[in-house]
1. Please give the contour-minus-distance gain from B:Arg636 to B:Asn586: 0.36 nm per residue of separation, less the Cα-Cα distance, rounded to one decimal in nm.
2. Considering amide H positions built from the backbone, and no H for Pro or chain starts, which residues 5 or more places from B:Trp602, or on another chain, come under 5 Å of its amide H?
3. Loop only per DSSP, at most 16 neighbouring Cβ atoms within 10 Å: give me the trypsin sites (Lys or Arg not before Pro) in segment B:331-373, ordered by residue number.
4. Could you tell me the distance between the Cα centroids of segment B:70-134 and segment A:79-100, to the nearest Å?
5. Can you run phi through the Karplus equation (6.51, -1.76, 1.60; θ = phi - 60°) for segment B:185-197 and list ³J(HN,Hα) in whole Hz, with x for Gly and Pro?
6. Would you mind getting me the FRET efficiency between A:Ala133 and B:Asp539? Use the beta-carbon distance for r and R0 = 45 Å, nearest 0.05.
7. If R0 is 56 Å, what FRET efficiency do you get for B:Gln201 and A:Ala19 from their C-beta distance, rounded to 0.05?
8. Convert 37 °C to kelvin, take the viscosity as 0.692 mPa s, use the Kirkwood radius over C-alpha pairs of segment B:166-407 as Rh, and evaluate the Stokes-Einstein diffusion coefficient in µm²/s, rounded to a whole number.
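Since every read-out is calculated from the coordinates, none of them should be taken as a lab result. Computed from a predicted model, the values in this text were never measured in an experiment. Cβ placement follows ideal geometry from the backbone for every residue including glycine, while neighbour counts extend to all protein chains displayed.
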Amino acid sequence: MKPRRQRMLAVGLTVAGIALATALTLQAFKENMMFFVEISEIEKGNYPEDRNFRVGGLVVEGSVRREIGELELSFDLTDYENQLTVNYSGVLPDLFREGQGIIAHGRLGDNGIFMADEVLAKHDENYMPPEVAESLAGHAAAQEAVLNSEQQGQ
Amino acid sequence: MIPELGHFALILALSLALCQGILPLLGAHRNDQAMLDVAKPAAVGQFVFVAFAFGCLTWSFIQSDFSVLYVASHSQLALPLPYKISAVWGAHEGSLLLWVLLLAGWTVMVAFYSGSLPKAFGARVIGVLGLLSCGFLLFTLLTSNPFERLIPAPPDGADLNPLLQDPGLAIHPPILYTGYVGFSVAFAFAIAAMISGNLDQKWARWTRPWTTSAWLFLTIGIALGSWWAYYELGWGGWWFWDPVENASFMPWLAGTALIHSLAVTEKRGLFKSWTLLLAITAFSLSLLGTFLVRSGILVSVHAFAVDPARGLFILAFLAVVIGGALILYAWRAPGLDSDAGFKACSRETFLLLNNVLLVIATALILGGTLSPLIVEMIDGSKISVGPPYFEIAFAIPMLPLVYLIGVGMHTAWRSQEPGPLFNQLKIPAIIAVVAGLLVPFFFYGRVGVLLVTGMIAGFWIIAVSLIQPIRSLRRKAGTTAITRSALGMSVAHFGVGLFVIGVTVVSGFSVEADRSLRVGETESVAGYDFELRGLRNVDGPNFRALEGEVDIYRDGEFISQLRPQKRTYLVQQSPMTEAGIDANWNRDLFVALGDPLGNDAWSVRMQYKPMIRFIWLGAFVMALGGLIATRDRRYRLTATETEKASTLSGELA
């Protein structure tokens, strides 16, 4: 092969390699990007259907249910206004408890129950996942406004 | 009184840092000897005062002086003494003080070992380090004063986060920070070279041992962090690709590229401006890492609103340091490059490829880490990027790299004939392919494309790393032995091979099972029988724990008893999982207690992790290689030669 053709081949292979690598990376990014969806949005049907996404909220007091001796459990998440039931099987993080803000990864089942494959609770007593904090703040304010107007109405 | 002394010492340190930052740079510009002479004493003085302040804070912790806000928030009377000391760097204010202390420490080292540097150049390096120190001291004093009082003092403190009460995490931050901060020396060398407009091969020779030292500390620091996450976070993963980890990994990747590019600059006088850019990048990523992690901005943009003063200071400081360095670079670097040539098949080409691939990996990780921030700023939606993205994005540039390492390290500078290279690498290549196919098949009973690719890569690097040391051992009397530099390179690459094998086997053959177990029940995982024998209560110094007794058998033969704990720390009332691990060179058995499931049953996580020790062992071997390389004779030779030269000129004058 002449040096010129050799060089052309090298450049061609490099470009092809870069193109392939870029395509794979973008694909990986698209597949592993997860949106955070507020509970109220799920109720309106605004959630990605065939892929994982994240939800977050407070674990409702007294809502953790499990069959005795089994790993499977379910609990309810709330943003003070709306609720979502979550199913999970496995070992829970240390700081998971009722009343605590948590995030779950997974997808919504046909029955409207969120099937979580990962549950996260942050390792800090005072720490609330920021997405959850924000979502809660919004709904707490709305709730208060409703209460206030009800009181004024009476 | 003690905290006020510490506070005062920090203010004095700041004024000395100002002298150290301004006078030597001015002196080098005006060729004023008196100003140049300020550099060393100012650096030493600054170090003494920062060390004094650090001592004062440590003393307040040991004395449990809860009238100091920082102590009250991160310590407690019953905290064991070692953790009272490590609590000093357990949170933002103290870790910042540790940063400043280490920066001053590196500066003093440079001041004492810069005998071989031209005086003006050494003064410039110390001056740049002084300016950096000013920034950090100002940040500490204005926004994050660790000596702030809390009056009236509470009777007891709020305790150190239980996660941090662990020997691994007591030493991980200082070592990691030593690495982070160490890149400031390479940065200062780069800035000094650009100011003086003089960058020759000697410059690279001065810079190399400093950069390698910083890199080896960072390597150990990251490995310790990963090890800690493995046994302390309780769930058996060794790398999670979370922003905090990425923040330490990106400077490591850039620093690795820098080490290799410096080799070309030293041996051949090439890649000069590229080396400068990498030095700036490695340090900028260290800064970004420290600040972004500490400010919490990576978790959410809104973290900035929590403390706007800190956020603004951080942005301004990053803009000045990184922006300033890049402007200087744009202005001065174009004139530096030489145009010595090299052939397509030469060590230069392979080191260039190394750099390109490492930079691509850094960029992809940076992109993944910052993308949630960028997306949120653009359209307000909140995303997160999962570990699989990082795994793929990292593997794409790294797989070719691990194969190229073996070729590159045996290729000659300037130009290499392919024939002899091929002959030399034939045998290691055959060994690698055979071992890479047979080991997974015979020991783990399974082969797959990714598995075999990884195994061959690991064995390949191990085999080629042995060529030079073996040749040196078998050489004839009178011929020269392998240099420390070359030995260091071989050892470090050997470590890469161990690491690659560890990662491949762990990801391919780990077994993980979450099960519900009652006392007396047995569960089998990867051929090991885990029997939950009993549960009992135990008391620690500042926690209560439920301890499980798990006996492990294999084919009826007793292997080990593990005692995983579920702890509750008394002050913060926070639960913590303490895993039970039986470590062996070729596998770990791992048990962690989950939650009570009712009816005496507990959720238990059991894991079999083959070859996981190779991951950390590989990292430590890499660091050892770095250490050997810094002990090369030629770094000392330059020092003594110049000393002789200066005494001679002294005598003549």
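1. Numbers: separation 50, 0.36 × 50 = 18.00 nm, distance 4.00 nm.
Gain on stretching B:Arg636 to B:Asn586: 14.0 nm.
2. The answer is B:Leu517, B:Arg518, B:Leu597.
3. Working: sites: B:Arg332, B:Lys343, B:Arg347; in loops: B:Lys343.
Passing sites in segment B:331-373 are B:Lys343.
4. Result: 42 Å between the Cα centres.
5. Calculated HN-Hα couplings, in order: 5, 4, 4, 5, 4, 5, 5, 4, 5, 6, 5, 7, x Hz.
6. On the way: r = 36 Å, r/R0 = 0.79.
With R0 = 45 Å, the Cβ-Cβ based efficiency is 0.80.
7. Numbers: r = 38 Å, r/R0 = 0.67.
Computed FRET efficiency for B:Gln201 and A:Ala19: 0.90.
8. In µm²/s, the coefficient is 173.
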